[in-house]
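The values are calculated or read from the model by the stated rules, or taken from the named source; none is laboratory data. All figures in this text were calculated on a predicted structure; none of them were measured in a lab. Ideal geometry is used to build each Cβ from the backbone, glycine not excepted, and the neighbour counts take in all protein chains shown. With ligands, DNA and RNA removed, areas are computed over all heavy atoms of the protein, side chains included. Shrake-Rupley method; radii C 1.70, N 1.55, O 1.52, S 1.80 Å.
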Amino acid sequence: MDVIWLIPLLPGIGAAVNGLLGIRFFSKVQTAVVGCGSMGLAALLSVYAFVQLLGSESRVHDVVVATWIPPIALETVDGIGAFAADWAFRLDPLSGMMILVVSGIGLLIHIYSTSYMLSESDAGYARFFCYLNLFCFFMLTLVLGANLLVMFVGWEGVGLCSYLLIGFWYEKQSASDAGKKAFLVNRIGDWGFVLGIFLIFFTFGSLDFREVAAGAAAMPIEAAEFGVISLICLFLFVGAVGKSAQIPLYVWLPDAMEGPTPVSALIHAATMVTAGVYMVCRNAVLFTHAPMVMTIVAVIGGLTALMAASIGLTQTDIKRVLAYSTVSQLGYMFLATGVGAFGAGAFHLMTHAFFKALLFLGSGSVIHAMNEEQDMRRMGGLKTFMPVTFVTMLVGTLAIAGIPPLAGFFSKDEILFRTFLHNRALWILAVATAGMTAFYMFRLMAMTFYGDYRGPAWENAEGDDHGGHDENGGHGAWHGPHESPPPMTGPLMALAVGAIVAGFVGIPAALGGSNAIEHFLEPSFVAEAHVEGGEVAAGEAAEEVHEISHAAELGLMALSILVALGGIGLAYRLYIARPELAEAWRARWAGVHRVLLNKYYVDELYQSTVVRGTMSGGRGLWRFDGRVVDGAVNGAGWLTIVSSWCSQLFDRYAVDGAVNLIGWSASESSFSLRRIQTGLIQNYALVMLLGVFVFVSIYLLVQ
Amino acid sequence: MLEITPTHYLVLSAGLFMIGVIGVMVRRNIIIIFMSIELMLNAVNVNLAAFSQQWQHVTGQVFAVFVIAVAAAEAAVGLGIILAFYRNKETVNIDEMNVMRW
Amino acid sequence: MAEAIVFYGLAALILGFAVLVISTRNTVHSALYLVVNFLLVAMLYVMLGAEFLAAIQVLVYAGGIVVLYLFVVMLVNLKRPPETHQDPRRQTRLGLALASALLAELAAIIVYSATGESAPAATAAAAAGADIAGGNVEQIGMLLYTNYLIPFEVASMLLLVAMIGAIVLAKREL
């Protein structure tokens, strides 16, 4: 367990090797071995550490690697505090789960990428793996960090890697723009996060999560007034909103789909975007002391879920559908944390990581098969061409739709149930979202895999048995849609298994399970000092809730299954059974459709307000700069020239005149004086003699 | 007058010194001028020896030795300069040695 | 009485030869008169009880320096009389007058001060006269190598420098 610091370090080493040596010297095989090898070792270590964690008494293990910032005296609310930070890693149930998810899915996606990125040059391939490893390094640092500063290092690092990977194909204008957009939007969130960190230190005099939690636990719950903890939580939530793409900062995530598909799967679906949720869960004690912010979190989460899902209904780009689905599912997680169900949020985070990574990788497989085509309107009927992808994606779709007994069902249902207990309005939003999710996901499946093939024709009629064209780099003639090679289907199958079984760790009590995951995670959400009493109390409360409403919970489950099935059925009817009906509906609700298709015009709104405002502000400042500042500078320059001209006059006539006058007078006076200088030595001696004579005379007279 | 006191020597020395001075002042041959300087130095030495005898202390004579040493050095360098000058100007007339004028 | 006769004789000879040195037209004669002058001064030193000084005077002045002068006189092979050219601005008469006046003043000072204060000098001379009668070379040596060691060394260095300087100046081409 003491070696958990190695878990982030291994991908870091991999990134360094690939970045420093690989780009220049390595072949693709070597690069892949380094990248996957380091991730594999990290994954093994993660499993090892997690097993040890399960077997040990204590649920929290700290490893301090080094002192980072020695104590610095800084002002806090209690006077002067010592601002200090260590390179400290903490393994507890929450981070344990996260490292499993990150390293496990990270490994699968690394393997997938070895095949998916084959069409890159050797250098690009190494660069890609370098970035991917670097991302894993930062992500693992983020989840393992024992204090806010280490977490912030990871937080910024994953943001950097996200930027690098979205803009991986930087020759493409849209890709580099998307990278910049992601980076800039994230800055807003980071601003909040940093302010939150400052305020936490100012309030609690420490940045260690446990000490902060203990400090917060000792303070009263700010139910009525908006106190300092609420402010901290609001700032932290701003950070989470930026990173996890919630309203109003979600706009970067769909654009992030410009990056390679494995990146979308790993960073923009499974891991990085969940960092916000993770951070909120990490600071659960703080948030439970700020009920007002909890409400904000829940409302934002619910609204984001619904809004993103509704946009997803009409999108035609396969990856964008999945992107909005991700935003929507992240909204779910925030909804869960907002209603106090941190365990459920974390649980959904995990299951979502599995099935969303699966869906993204599946879509990558489809895109690959369609020769980089992403528009679903030009797909269709791919079921026969790529059966493995179809089946695994179907599993993922069923999971996200919430069909039992797949993973998504348990986690989503837990959220729905807890929301129902907390707030009915939000529950309705969530249920509607669940229905939309099922609909758009099956719309995606239908448009991609069912119906007739609508894509372009290919040269060779026997293209469907050219599954091996990836091996020669994909640059040859396209031979039609085909199943992907084993390095891509392998991770798909592994993730499909994960999407099926991941939910079993959290079977609710109502279905005879024990909801093991939430009990396991519980210690991470309560303050240290309160573990004995608090955990028992919380556990009892949860038990009580469950006791009361087992029947209701079962009813709700049935309802959500029905909603999901309704969505599926509608999708089937509109896109498989009677495609013309979809056209008719589209015509009937043309206005709504247009609004959804244009994503509620949010991008346009931002464009016309924030972007244009910034631009015009910038232009105004530029004009100000040009007119006033430059004018002032030029005026100053002109003044300098004029004054220097004046002083030049003064210099020439007064100063030089004085100097010349002195010289002239010296030469004039010397003209007469120089006659003394006869050059006759004896004249000089005579003067000397005269001097001696005078002195002796004086002596004589005085005497 | 018949008892020879240091005063007698001093007067003699002053006379010798003044003869030297007159030589320096009057003659135009630079070699003679140098000889006059030697005369003046000798007058000084006489002075020193006389005082040495008056105060019964040999320090005066030691200084006379130093004066002789300096005189030797002066004569060597001075005559070297004369030679060098003569080689260039073909003259030892001090009135023609006026190159250091303005 | 005898001392006075010798002194006055020597003094007259010294002054006479000195006048000859500065008044003779022939430079070689001038140098030879200088030798005689130096020898006479050496005798005066003997009278003053400064035997070492007298010896040095003969060796260095009469034997060395004057020979140097004679060499230079011979090297400076004058084709025309050296004193033909006379600068009109030289103040020969003023120089003579000043020198004479200064001599008078000095003599006045010496005589004036001697009449008042020669008594202690005489007593001191009488008191310690016996000590230096046996010769003062040893005493001079002691002083030179103890109290005046550093000036002595400096003087030797001066002579070395003068030697090198003279060689450098006199040599036609280095």
Considering residues that are open to solvent by 10 Å² or more (accessible area, probe 1.4 Å) and closer than 18 Å to A:ILE400 by Cα, the number found within region A:328-375 is 2
Please verify whether B:ALA76 is within 7 Å of chain C (Cβ to nearest Cβ) and either in contact with a Pro (Cβ under 7 Å, 6 or more places away or on another chain) or modelled with pLDDT of 85 or more (or both), treating the condition exactly as stated. yes
Restricting to region A:103-146, count the residues that are open to solvent by less than 10 Å² (accessible area, probe 1.4 Å) and outside any helix (DSSP H, G or I). 3
Could you list all residues from region C:23-36 that are over 14 Å from the mean Cα position of the chain (by Cα) and open to solvent by 20 Å² or more (accessible area, probe 1.4 Å)? C:SER23, C:THR24, C:ARG25, C:ASN26, C:VAL28, C:HIS29, C:LEU32
Filter region A:186-205 for residues that are open to solvent by 40 Å² or more (accessible area, probe 1.4 Å) and under 14 Å from the mean Cα position of the chain (by Cα); which is farthest from A:HIS268 (Cα to Cα)? A:TRP191
Could you figure out which of (1) at positive phi; (2) part of a helix (DSSP H, G or I); (3) of a type outside the set (D, E, K, R) isn't true of A:THR389? (1)
With the condition kept exactly as written, say whether any residue in region B:35-52 is facing chain C (nearest Cβ under 7 Å) and open to solvent by 30 Å² or more (accessible area, probe 1.4 Å). no
Checking A:ILE318 against (1) under 18 Å from the mean Cα position of the chain (by Cα); (2) hydrophobic (A, V, I, L, M, F, W, C); (3) crowded, with 24+ Cβ neighbours inside 10 Å, the condition it does not meet: (1)
So, in region A:264-289, of the ones that are among the β-branched types (Val, Ile, Thr) and more than 12 Å from the chain's Cα centre (by Cα), which residue ends up surrounded by the fewest Cβ atoms within 10 Å (Cβ to Cβ)? A:THR288
Tally time: how many residues in region A:402-426 are over 28 Å from the mean Cα position of the chain (by Cα) and in a helix (DSSP H, G or I)? 6
Right, A:GLY396: surrounded by 24 or more Cβ atoms within 10 Å (Cβ to Cβ), touching a Phe, Trp or Tyr at 6+ places or on another chain (Cβ under 7 Å) and on the phi < 0 side of the Ramachandran plot or not? yes
Report, by residue number, each residue of region A:581-622 that is open to solvent by 80 Å² or more (accessible area, probe 1.4 Å) and closer than 22 Å to A:ALA438 by Cβ. A:GLU583, A:TRP585, A:ARG586, A:ARG588, A:TRP589, A:VAL592, A:TYR600
Residues of region A:10-44 being farther than 11 Å from A:HIS110 by Cα, crowded, with 21+ Cβ neighbours inside 10 Å and aliphatic (A, V, I, L, M), which ones? A:LEU10, A:ALA15, A:VAL17, A:ALA42, A:ALA43
Subset of region A:553-608 [within 20 Å of A:ILE403 (Cα to Cα) and without any contact (Cβ under 8 Å) to a residue 12 or more places away in the chain]: A:GLY555, A:ALA558, A:LEU562, A:GLY569, A:ARG573
Would a scan of region A:439-451 turn up a residue that is surrounded by fewer than 24 Cβ atoms within 10 Å (Cβ to Cβ), in contact with a Pro (Cβ under 9 Å, 6 or more places away or on another chain), among the hydroxyl-bearing types (Ser, Thr, Tyr) and in a loop (DSSP other than H, G, I, E, B)? no
At pLDDT below 75 and open to solvent by 70 Å² or more (accessible area, probe 1.4 Å), is that true of C:LEU94? no
Please indicate, with yes or no, whether at least one residue in region C:122-140 is at pLDDT 90 or above, loosely packed, with under 11 Cβ neighbours inside 10 Å and either more than 15 Å from B:VAL58 (Cα to Cα) or facing another protein chain (nearest Cβ under 7 Å) (or both). no
Which condition does A:ILE166 not pass, out of (1) surrounded by fewer than 22 Cβ atoms within 10 Å (Cβ to Cβ); (2) within 21 Å of A:ALA269 (Cβ to Cβ), if it passes all the others? (1)
Determine which single condition C:ALA155 fails, assuming it passes every other condition in (1) at pLDDT 85 or above; (2) facing chain B (nearest Cβ under 7 Å); (3) open to solvent by 30 Å² or more (accessible area, probe 1.4 Å). (3)
Among the numbered conditions (1) away from chain A (no Cβ under 14 Å); (2) closer than 30 Å to C:TYR148 by Cβ; (3) open to solvent by 30 Å² or more (accessible area, probe 1.4 Å); (4) of a type outside the set (A, V, I, L, M), tell me where B:ASN88 comes up short. (2)
Residue count, region A:340-358 (criterion: among the hydrophobic types (A, V, I, L, M, F, W, C), over 15 Å from A:VAL505 (Cβ atoms) and either modelled with pLDDT of 90 or more or in a helix (DSSP H, G or I) (or both)): 3
Looking at region C:38-54 only, could you name the residues that are free of Cβ contacts under 8 Å to residues at least 24 places away in the same chain and at the interface with chain B (Cβ under 7 Å from one of its Cβ atoms)? C:TYR45, C:LEU48, C:LEU53
Under 8 Å between Cβ atoms, which residue pairs at least 6 apart in sequence (or on different chains) link something in region A:408-419 that is in contact (Cβ under 8 Å) with a residue 24 or more places away in the chain and over 14 Å from A:LYS356 (Cα atoms) with a partner that is of a type in the set (Asp, Glu) and open to solvent by 10 Å² or more (accessible area, probe 1.4 Å)? A:GLU414/A:GLU518
Can you tell me which residue is farthest from C:LEU106 (Cα to Cα) among those in region A:655-703 that are within 13 Å of chain B (Cβ to nearest Cβ) and hydroxyl-bearing (Ser, Thr, Tyr)? A:SER667
Pairing a residue in region A:44-69 that is in contact (Cβ under 8 Å) with a residue 60 or more places away in the chain with any residue that is open to solvent by 70 Å² or more (accessible area, probe 1.4 Å), where Cβ atoms lie under 6 Å and the two sit 6 or more apart in sequence or on different chains, gives A:VAL63/A:ASP2; A:VAL63/A:TRP5; A:VAL65/A:TRP5; A:VAL65/A:TRP87; A:TRP68/A:TRP87
For B:ILE82, indicate whether it is within 14 Å of chain A (Cβ to nearest Cβ) and closer than 23 Å to C:VAL6 by Cβ. no
Those residues of region B:7-33 which are open to solvent by 30 Å² or more (accessible area, probe 1.4 Å) and at the interface with chain C (Cβ under 7 Å from one of its Cβ atoms) amount to B:HIS8, B:VAL11, B:ILE22, B:VAL26, B:ARG28
